[in-house]
Each structure stands twice: as C-alpha cells, then as structure tokens.
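Q: One structure is given below, represented as structure tokens, and several questions about it will come after.
The values are calculated or read from the model by the stated rules, or taken from the named source; none is laboratory data. None of the values given here were measured: they were computed from a predicted structure. Because the Cβ atoms are built from the backbone with ideal geometry, glycine has one as well, and the counts that use them run over all protein chains shown.
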Amino acid sequence: MTKFRPLHDRVVVRRLTGEEKTAGGIIIPDTAKEKPMEGEIVAVGPGARNEQGQIVALDVKAGDRVLFGKWSGTEVKIDGEELLIMKESDIMGVIAA
C-alpha cells in the first residue's frame, strides 16, 4: 500500500471477504451478498487530542481484526485496493485471535 497515513482518530480498514455459499450449499451471487462488517486494520492515525491538548493514542493497531457498523466509514480506492476509512468510534470491537 502507498504510504497513506490517516489523521487523528481515523483508521484504514480492509474488508474481509464474506461467505460465498450458504450453509445449505447455495452459491450467493455478488449482487446479493451483503458487504461484510468484519475487517483488518491496515493503518491507524496518531490519535485524537483531549481537552488539555494531549494526543490520546487509539486502542486499535495495524493487524487487528475488527467489527464495525454496516454503514460505517468511507469507501476509497488506494493503489487499486478498495479500503474503508473510518473513525475509531465506528469500530464496535476487536476480534481476539
């Protein structure tokens, strides 16, 4: 990925691909698939400033697998790859390995 650094409390997320088939074996076409709400953090900003002007670091880091809201983030294309840029507050939680 190009040297892209998100600002403040924003993160760059790569969506993880969803299931191609249902549990019964029916193949789901791309047009009917819901976009997954799970992704991997690619890059994080330095953090937001608190009322005292100090930078508060984010709780997530590059490589974390996370869950986010269905309509969270802004879709962007960087180096031909579709990614999401969102605020850390749009992330619901980190999936433990």
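Q: Give me the residue from segment 63-97 that is outside any strand (DSSP E or B) and of a type in the set (Ser, Thr, Tyr) and, out of that set, surrounded by the most Cβ atoms within 10 Å (Cβ to Cβ).
A: Once the filter is applied, the top-ranked residue is SER72.
Q: Looking at VAL42, VAL60, which is the one that is modelled with pLDDT of 90 or more, in a strand (DSSP E or B) and among the aliphatic types (A, V, I, L, M)? Write out each step before concluding.
A: Working: VAL60 fails: in a strand (DSSP E or B).
So the residue among VAL42, VAL60 that is modelled with pLDDT of 90 or more, in a strand (DSSP E or B) and among the aliphatic types (A, V, I, L, M) is VAL42.
Q: Specify the residue that is farthest from LEU7 (Cα to Cα); the eligible residues are those in segment 74-94 that are in contact with an Asp or Glu (Cβ under 6 Å, 6 or more places away or on another chain) and not aliphatic (A, V, I, L, M).
A: GLU88
Q: So which residues in segment 1-39 are at pLDDT below 65, surrounded by 10 or more Cβ atoms within 10 Å (Cβ to Cβ) and of a type in the set (Val, Ile, Thr), if there are any at all?
A: Hit for segment 1-39 is ILE28, nothing else.
Q: Looking at (1) closer than 13 Å to ASP9 by Cβ; (2) at pLDDT below 90, which is the only condition SER89 fails?
A: Of everything listed in (1) closer than 13 Å to ASP9 by Cβ; (2) at pLDDT below 90, SER89 misses just condition (2).
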